[in-house]
Amino acid sequence: MAAVSTAQSAEWESVTGTDSLRNLMSGTKAERVLPNGEISRGEYNPDGTGTLYSWGAAIPRTWEVRGDDQICITAKGVSNCYNFEKNTADPTLYRASDAAGNLVEFRLTEGRAVVKAEPEDIGKEGSAATPSAAELAAELSNPNTAVATMTFKNQFRWYEGDLPDADNQFNYSLLFQPALPFVLASGDKVIWRPAIPLLFDQPVLGANGFEGETGLGDIAFDLAYAPKLENKSLLLAYGLITSLPTATNDLGSERWTLGPEIRFFILICLVAVGVLVQGRLLPMTGRVSNGQCRCKSMPARPLYGMAGPGSSRPS
């Protein structure tokens with residue numbers, strides 16, 4: 001928890017005893033304002049389970065009373081423990097301190113604990129009301145995450161072939177690929193992922209051999225429906241994938257594609273392992289007026305991802 005100034009000349013008494021700490025935590029909803037102005041909320045049940053709702057994600061947690069003076073919250077295998085004090089002049093005012101001695105004040109009324117700290121003071125270690133950096137990294141490694149992302153992918157390619165000078169060709173591309181999830185009331189998600197490529201020095205065969213061209217590639221995007229499954233370790237999404245002939249300087253296929261997509265993942269500890277199957281239907285020509293399509297491909301690609309500081313989406 002982030003350090004904040006405490007009330008001047010206030011008197012505090014420690015909250016101790018297993019029953020007192022359990023009553024303090026059971027059924028409590030801890031809230032704090034995030035830097036983007038939204039509310040991050042942790043809900044803690046009497047059975048020692050809990051859920052943190054933050055940045056659009058629902059992150060599972062557990063909690064327990066340790067000894068007679070600490071409450072410990074565990075997420076992703078990491079526990080943070082806190083000592084609590086109550087203000088003797090104001091029975092609704094509390095403060096918590098972590099192992100590093102950082103203090104944060106909160107007001108507890110009718111099971112709702114509102115943190116009084118500034119949004120910018122949120123630390124990477126997290127708190128009862130906010131996620132840690134490790135929790136956010138784990139959520140971002142989830143291919144069905146409810147957290148919106150803006151991803152830039154740097155891709156380098158080298159070529160080989162039978163054409164003259166083919167083995168000496170290479171290029172660099174920058175792929176802008178945001179993921180925009182929309183969470184439904186049922187917990188299911190609709191996820192839209194556009195992919196906009198910028199190609200630099202792309203080798204194109206011309207009359208005088210290979211020439212490097214720079215420009216926009218074909219824009220692709222997929223629209224997937226991700227149902228909420230009872231088994232939290234299983235992830236499923238299915239929908240459509242398409243691409244549009246937006247490329248410049250002869251860098252694209254000059255045709256549109258459309259086809260089905262299905263993704264299935266298993267979360268094992270902090271690793272997501274799964275498979276992506278995509279099918280694309282291509283028009284026979286660059287125009288679609290004749291309505292003739294054929295199945296171009298149905299590839300299955302293994303995917304994996306590992307959660308941790310600095311981790312990203314499975315690839």
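Please treat every number below as a calculation from the coordinates, not as lab data. As the structure is a computational prediction, the values presented were derived from the model and not from experiment. When we count neighbours, we look across all protein chains shown, and the Cβ atoms used for this are built from the backbone with ideal geometry, even at glycine.
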* Between Lys153 and Leu223, what is the spin-label point distance in nm, taking each point 7 Å from the Cα along the Cα→C-beta axis? -> 2.1
* Asked: What is the gain in length, in nm to one decimal, between Asp188 and Asn231 on full extension, counting 0.36 nm per residue of separation less the C-alpha to C-alpha distance?
  -> 14.1 nm
* Using R₀ = 22 Å, calculate the FRET efficiency as 1/(1 + (r/R₀)^6) where r is the Cβ-Cβ separation of Arg112 and Asn45; round to 0.05. => 0.90
* **Theoretical FRET efficiency, 1/(1+(r/R0)^6), r = Cβ-Cβ of Glu11 and Thr62, R0 35 Å, to 0.05** => 0.60
* Structure fact -> Against the 2.2 N^0.38 Å rule of thumb, the C-alpha Rg of the stretch 144-253 sits at a ratio of 1.41
* Structure fact -> Taking a straight Cα-to-Cα line shorter than 28 Å from Lys29, and setting aside same-chain lysines fewer than 8 residues away, one finds Lys76, Lys86, Lys116, Lys124, Lys189, Lys228, Lys232
